[in-house]
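First the structure, in the form of structure tokens, and then the observations on it.
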Amino acid sequence: MRSFGYVRATSVEEAAEAFAARPGARYLGGGTNLVDLMKLGVERPDALVDVSRLPLDRVEELPDGSLRVGATVRNSDLAAHPLVRDRYPALSQALLAGASGQLRNAATTGGNLLQRTRCPYFQDLSKPCNKREPGTGCGARDGVHRDHAVLGWSEQCIATHPSDMAVALAALDARVELYGDEGARDVPVAEFHRLPGNHPERETVIRAGELITGVVLPAATGGVPSAYRKARDRASYAFALASVAAVLRVSDGAVAQAGLAFGALAHRPWRAVRAEEALLGGPATTEAFARAVDAELAAARPLRDNAYKVPLARALAVDVLTRLARAGTG
């Protein structure tokens with residue numbers, strides 16, 4: 001049994017100060033990922049700074065029509081919130097597609113964004129993993145990698161990010177609010193997670209000691225038709241093999257607004273910028289959607305056992321876009 005310190009913070013400022021004063025500390029929210037990794041020995045914090053009681057548990061509409069979601073809002077509460085279900089259905093659908101009801105009741109918005117990969121080589125201390133221990137190698141490259149990345153991977157790491165919620169947030173142009181020693185700042189969700197490159201251990205753009213305080217959903221995507229679709233090995237309680245979140249507004253038969261993101265294909269939620277550029281101004285037809293998605297997935301580099309992900313992601317995206325277009329035109 002390894003001992004560690006514990007601090008229950010009562011304010012954002014206190015949390016940041018407690019974290020800075022304790023090298024090797026970790027923030028603790030719902031604990032649905034961190035505690036599991038501590039049991040496995042993957043995470044070995046010297047101290048836990050409990051942020052679960054901070055006053056960040058509200059969903060509030062801002063004067064400009066955007067929606068702020070506090071970092072400690074539980075996934076189940078966020079999925080059921082009337083404004084989320086009405087204005088941002090892709091987010092509600094993504095949350096309900098993740099984990100079990102019990103886990104959604106515990107998991108938080110901030111923790112969901114910060115959850116770490118479920119790659120078995122990362123979770124097994126007896127296996128090499130550059131993310132867990134830089135320089136040891138990537139066991140998945142020549143091992144079992146059916147569930148691993150086809151986009152944006154490097155020789156150092158082929159893991160995927162497991163979040164459903166983050167995929168929807170990326171497509172919806174959400175931003176992450178952060179607080180640290182240098183004050184408050186925010187970054188787009190689509191840029192919050194890093195690609196592995198030569199440093200797969202650096203998973204996000206968070207600076208040392210920074211705390212996620214919330215997520216802001218913009219008014220510009222509120223009320224625009226959106227949807228989330230996930231393919232997995234079984235009907236529930238399984239991580240995605242491929243997933244897609246789409247935002248689509250059609251005007252006079254043409255695409256007037258588009259947001260598209262893929263999950264389970266890369267080290268981060270993959271914002272499909274090439275596809276979005278191809279969609280805007282073009283016809284809202286299945287054929288046009290297929291061409292746009294193909295333009296995005298042309299960059300895919302499947303590995304030995306996961307080439308199936310490319311046609312699977314293509315089919316999901318084209319179907320979701322087609323359904324949204326039909327719903328939007330009545």
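What the table below lists for this structure:
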read-out	value
Within the accessible area of segment 1-54 (1.4 Å probe), percent carbon and sulfur	50 percent
Residues with amide H under 5 Å from that of G197, placed H, sequence gap 5 or more	S154
Heavy atoms of D46 accessible to a 1.4 Å probe, total area in Å² rounded to 10	80 Å²
Extended-chain gain in nm, criterion 0.36 nm per residue less alpha-carbon gap, L40 and S251	70.8 nm
Segment 159-231: GluC sites (Glu not before Pro) in DSSP loop, at most 11 other beta carbons within 10 Å	E182
Segment 184-225 versus segment 64-119: alpha-carbon centroid distance in Å	15 Å
Span-like helix ranges in the chain, DSSP H, alpha carbon extent 18 angstrom or more, Kyte mean at least 0.5	309-328
Segment 114-175: C-alpha gyration tensor shape, a/c 1.5 cut-off, then a/b vs b/c	prolate
Protection proxy ranking, peptides 105-113, 232-240, 93-101, 277-285, average beta carbon neighbours within 10 Å, highest first	105-113, 93-101, 277-285, 232-240
Two-site label geometry, A290 and R2: point separation in nm, points 7 Å out along Cα→Cβ	5.2 nm
Reachable lysines from K309, criterion Cα separation under 30 angstrom, eight or more residues apart if same chain	K127, K131, K230
Segment 19-58: trypsin sites (Lys or Arg not before Pro) falling in loop per DSSP and having at most 14 other Cβ within 10 Å	R53, R58
Paramagnetic label zone (point 7 Å from Cα along Cα-to-C-beta, E155; backbone N under 20 Å) in segment 116-144	128-144
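The values are calculated or read from the model by the stated rules, or taken from the named source; none is laboratory data. Fair warning: this is a prediction, and the values are worked out from it, not measured in the lab. Cβ: placed from backbone, ideal geometry, glycine included. Neighbour counts: every protein chain shown. Note: areas computed on protein heavy atoms with side chains; ligands, DNA, RNA excluded. Shrake-Rupley method; radii C 1.70, N 1.55, O 1.52, S 1.80 Å.
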